Amino acid sequence: MKPAEQKIRVLIADDHTTVVAGLASIIGMQPDMVVVGEAANGRQTVELWLKHRPEIALLDLRMPVLDGVGVINEIRQQAPAARFIILTTYDADNEVYRAIKAGAKGYLLKDARREDLLDCIRKVNRGETCIPPALVEKLAASMSGETLTDRELEVLTLLARGKSNKEIASGLFITENTVKGHLRNIFSKLNVLSRTEATTTALRRGLVQL
C-alpha cells in the first residue's frame with residue numbers, strides 16, 4: 001500500500017450526503033487514493049480546497065451558496081493548475097460548456113460505472129482530460145450552432161415560462177412585432193419549428209432555467 005503522501009488526495013463536494021458517503025467509500029477502498037475532505041456547499045468546497053490543496057476535486061455542478069463552476073473559477077484564481085472533475089446528474093449542453101470553459105478536466109454523470117469514475121480520477125491526476133465521447137459530441141453539436149444574443153435568451157426564457165408574445169413584449173418593454181422577430185431568429189438558430197420545440201430544446205441544452 002502506498003504511503004499517504006503518495007496517494008491521490010481527493011476532495012468530494014456534493015450537497016447530498018448519501019452521494020458523498022458513497023463516493024468516499026469507493027475512493028477510500030483504493031490503495032492509491034485517499035479522501036481528504038467532504039463539502040456540502042460551494043463555499044465550504046473552496047475553503048476545504050485551500051486548506052488541503054488536493055490533487056483532485058470531485059464537484060457537483062449545482063450546489064448551494066456557490067455552484068460548481070463558481071467554485072472552479074474562485075480556486076483557479078489562486079491555483080491555476082487545480083484539477084477538477086464534474087460529477088453530476090445533468091448533461092445539458094450549456095452546463096457541459098460552462099464547466100469545461102471554467103477549467104474542469106473531467107466530466108462524468110453520476111450513473112457512471114465505478115470503474116469509469118476511478119479511471120477518470122487517475123487520468124486527470126496524470127494531467128489528462130476525461131470527457132466521455134458522447135458528451136464531446138453533444139458539446140460540438142451545440143457549439144456548431146449560432147449563438148443566441150442576450151435579448152434572444154431573455155425572450156426564450158419568458159417563452160419557456162409560458163408567456164404569450166404580448167406578455168413577453170410587456171415584460172421586456174418592446175413591441176409584439178419585435179418579439180416575433182426575435183422568435184423567428186431563435187427558431188432558426190435552434191433549428192426548431194414551434195414554441196414547444198424551442199422550449200424543450202432550450203431546457204435540454206441548459207440555455208434557460210425555470
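Every number here is computed from the coordinates shown, using simple stated rules; none is lab data. None of the values given here were measured: they were computed from a predicted structure. Virtual Cβ from ideal backbone geometry, glycine too; neighbours counted across all protein chains shown.
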How large are Rg and Dmax for segment 4-142 when only the alpha carbon atoms are used, in Å? 13.6, 43
Determine, for I86, I26, I131, the number of other Cβ atoms within 10 Å of each Cβ, and report the residues in order from fewest to most. I26, I131, I86
With everything on Cα atoms, drop me the angle between helix 133-144 and the longest principal axis of the chain, reported from 0 to 90° to the nearest 10. 30 degrees
Which of I174, I75 comes first, and how do the rest follow, when ranked by fewest Cβ neighbours within 10 Å? I174, I75
Degrees, to the nearest 10: 17-28 long Cα axis against longest axis of the chain: 40 degrees
Please give the contour-minus-distance gain from E197 to T178: 0.36 nm per residue of separation, less the Cα-Cα distance, rounded to one decimal in nm. 4.8 nm
First measure r as the distance between the Cβ atoms of Y97 and F187, then evaluate 1/(1 + (r/R0)^6) with R0 = 25 Å and state the FRET efficiency to the nearest 0.05. 0.70
Considering only G171, T196, V155, whose Cα is most displaced toward the positive end of the charge dipole of segment 146-205, charges sitting on Cβ of Lys, Arg (+1) and Asp, Glu (-1)? T196
Under the Kirkwood approximation for Rh and a Cα-based Rg, what ratio Rg/Rh is obtained for segment 146-205? 0.92
Can you work out the FRET efficiency for the pair M29 and A79, with r the C-beta to C-beta distance and R0 = 22 Å, to the nearest 0.05? 0.20
Give the longest segment of the chain that steers clear of trypsin sites (Lys or Arg not before Pro) in DSSP loops with at most 12 neighbouring Cβ atoms within 10 Å, not counting the sites themselves. 1-112
Spin-label point model (7 Å from Cα, Cβ direction): what's the T18 to R122 distance in nm? 3.0 nm
Measure nothing fancy, just the Cα-based angle from helix 114-125's long axis to the longest principal axis of the chain, in degrees from 0 to 90, nearest 10. 80 degrees
Can you compute the charge dipole magnitude of segment 4-142 about its Cα centre, using +1 on each Lys and Arg Cβ and -1 on each Asp and Glu Cβ, nothing else charged? Give it in debye, rounded to the nearest 20. 360 debye
Between L50 and R113, what is 0.36 nm times their sequence separation minus the Cα-Cα distance? Round to one decimal in nm. 19.7 nm
If we count GluC sites (Glu not before Pro) as exposed when they sit in a DSSP loop and have at most 15 other beta carbons within 10 Å, what is the longest stretch of the chain that avoids them all? 1-127
